[in-house]
Amino acid sequence: MMKINELKDGSRGRFTFLLSSLTKGVTSKGATYLSCVLQDKTGSMDAKYWSPSSEEIKMLKPGMVLEVDGEVLNYNKQLQMKINAVKVIDRSQIDLNDFIKEGDIPRSELKKKITGIIDSFENQTLKTLILKVMEHYELDFYNYPAAAKIHHDFVGGLATHVWGMIRLSLAICECYPSLNKELLITGVILHDIGKCVELSGPVITEYTVEGRLLGHISIMQAIVAEIAHENGLEGEEIMLVRHMILSHHGEYEYGSPVLPMIPEAEILHYIDNIDARMNVITKAYEGVNEGEFTSRQFALENRSFYKSHLK
């Protein structure tokens, strides 16, 4: 059975995929069609089902595993599947791991690397704060994506994103030794853990009611304040960590209630952006030949990116 990363323009046949999202649309002639995203562990692909039956429109839901009769087309420089027919497969008969995207770094290795960094901390207040947060959220931290769709949207994506940011932090602190390395890394590790509450889980990720009403920034700074109070953690460090969480989106219009006002918060904002944007670009290059441009990337100001021949 062909995987998504093996499909090419003109591929056709029967394929088995997880239906990760589904949106109804109406053609200019009034016919209902379905815009879908199909996925397996190798990636995802947009799809259109132009002639679903009324029963299929009511029945099909995200999270179903489908046998798809379809063909792959090149639409706006991006592969898309035209669905001719679908059949729902009993999920109890398949291994769901075959349809779940994971990162290049195994989660066990991510845990070893990140735990090693935490263990090396000399500031006991920051170290205790991280460890106490992890007592509540460690399992989700290593399983959840970093976002529902835009970047690091795969199982283990949150920890992958954090590890990428830790590596950037270590390099930047070598260049600018005035930065407090342990404060910066604490902000890196904790800044997005609120997404373990904001998002529904690692598979078919959606926003929870609490996530939509409060957002991961306010959720996480409240968690830090509560855990610090429960464990008698006091001092300037806790206030600075809360400030870094509140300001890490960098601008009011992007959801930060305050702007960065310490250098570690400023750097946190930029390395968060660097790692997220590089992941978006890396995803956009999948299936793009050298010498060609990607499709427009909404998350990157709707720009296309050229894939050069340089290695």
* To do: For Lys3, state whether it is surrounded by fewer than 18 Cβ atoms within 10 Å (Cβ to Cβ), under 25 Å from the mean Cα position of the chain (by Cα) and farther than 24 Å from Asn302 by Cβ.
  => yes
* **Verdict on Lys149 being under 13 Å from the mean Cα position of the chain (by Cα) and either surrounded by 24 or more Cβ atoms within 10 Å (Cβ to Cβ) or of a type in the set (Phe, Trp, Tyr) (or both)** => no
* Structure fact -> Residue count, the range 156-187, condition without any contact (Cβ under 8 Å) to a residue 60 or more places away in the chain, among the small types (Gly, Ala, Ser) and under 22 Å from Pro202 (Cα atoms), comes to 3
* State all residues of the range 186-240 that are surrounded by fewer than 21 Cβ atoms within 10 Å (Cβ to Cβ) and among the acidic types (Asp, Glu); if no residue qualifies, say none. => Glu206, Glu210, Glu226, Glu230, Glu234, Glu236, Glu237
* Check Thr205, Thr125 and return the single one that is more than 28 Å from Leu300 (Cα to Cα), in contact (Cβ under 8 Å) with a residue 12 or more places away in the chain and among the β-branched types (Val, Ile, Thr). => Thr125
* To do: Answer with yes or no whether Lys112 is at pLDDT 95 or above, crowded, with 16+ Cβ neighbours inside 10 Å, over 19 Å from the mean Cα position of the chain (by Cα) and not small (Gly, Ala, Ser).
  => no
* Structure fact -> In the set Leu129, Leu66, Leu96, Leu73, the lone residue that is among the aliphatic types (A, V, I, L, M) and at pLDDT 95 or above is Leu129
* Collect the residues in the range 17-50 that are surrounded by 13 or more Cβ atoms within 10 Å (Cβ to Cβ) and of a type in the set (Ser, Thr, Tyr), keeping them in residue-number order. => Ser20, Ser21, Thr32, Tyr33, Ser35, Thr42, Ser44, Tyr49
* Would you check if there is a residue in the range 123-139 being surrounded by 16 or more Cβ atoms within 10 Å (Cβ to Cβ) and acidic (Asp, Glu)? => yes
* **Hits in the range 162-183 - residues which are within 19 Å of Met278 (Cβ to Cβ) and buried (at least 17 other Cβ atoms within 10 Å of the Cβ)** => Val162, Trp163, Gly164, Met165, Ile166, Leu168, Ser169
* Of the numbered conditions (1) without any contact (Cβ under 8 Å) to a residue 12 or more places away in the chain; (2) in contact with a strand residue (DSSP E or B) (Cβ under 9 Å, 6 or more places away or on another chain); (3) of a type outside the set (Gly, Ala, Ser), Met64 satisfies every one except a single condition; which is it? -> (1)
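The values are calculated or read from the model by the stated rules, or taken from the named source; none is laboratory data. The structure displayed is predicted, hence computed values, not measured ones. Note that each Cβ is placed from the backbone with ideal geometry, even for glycine, and that neighbours are counted across all protein chains shown.
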